[in-house]
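The values are calculated or read from the model by the stated rules, or taken from the named source; none is laboratory data. Here the structure is a predicted model, which is why all the values come from computation and not from measurement. Here the Cβ positions follow ideal geometry from the backbone for every residue, glycine too, while neighbour counts run over all protein chains shown. These area figures cover heavy atoms from the full protein model, side chains too; ligands, DNA and RNA do not enter into them. Shrake-Rupley method; radii C 1.70, N 1.55, O 1.52, S 1.80 Å.
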Amino acid sequence: MEDGSVFVSRVPKTMPEISEADLPPLVREDKPAQRKELTNELIQSLIALRNEDPAQWTVSKLAKKFDIPKQLVLALAPCPQWRRDDIQKAKDSEWENLG
């Protein structure tokens, strides 16, 4: 440096090589999800159950029954509009009775 001082860096210039043996053991095994193939017939039955009685056939129950993620149930068979309207009416009446 201009004033004669020396800059000292404690950071190594290159990263040390790390092998798998240097790492700690894995906490769990990485297993791909084993899911059955969804056919058009299964998708149609999922949609039919959801539209038939959405209060009984919730997203969680359908996901367990067909062994698929909840997001896929929501994408394939969203809640019917009449059910959403019923839920909204119930919430509105509950809100009006609060005061």
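Protein heavy-atom accessible surface, 1.4 Å probe, per residue over the chain: 92 Å². Each label was represented as a point 7 Å from its Cα along the Cα-to-Cβ direction; for ASP3 and LEU38 these points are 6.8 nm apart.
Please report, as a whole percent, how much of the solvent-accessible surface of the chain comes from carbon and sulfur atoms (probe radius 1.4 Å).
Answer for the chain is 54 percent, counting heavy atoms of protein chains only.
Stretching the chain fully between SER19 and ARG83 yields a gain of 17.4 nm (0.36 nm per residue, less the alpha carbon separation).
Count the lysine pairs in the chain whose Cα atoms sit under 21 Å apart, keeping only pairs 8 or more residues apart in sequence or on different chains.
Close lysine pairs under the 21 Å cut-off: 7.
Over the chain, all Cα pairs binned in 5 Å intervals from 0 give whole-percent P(r) values of 2, 9, 13, 11, 8, 7, 6, 6, 6, 5, 5, 5, 6, 4, 3, 3, 0, listed from short to long. A simple spin-label model places pseudo-atoms 7 Å from Cα toward Cβ; at THR58 and SER45 they are separated by 2.3 nm. Pairs of Cα atoms nearer than 8 Å and 6+ residues apart set the relative contact order; for the chain it is 21 percent.
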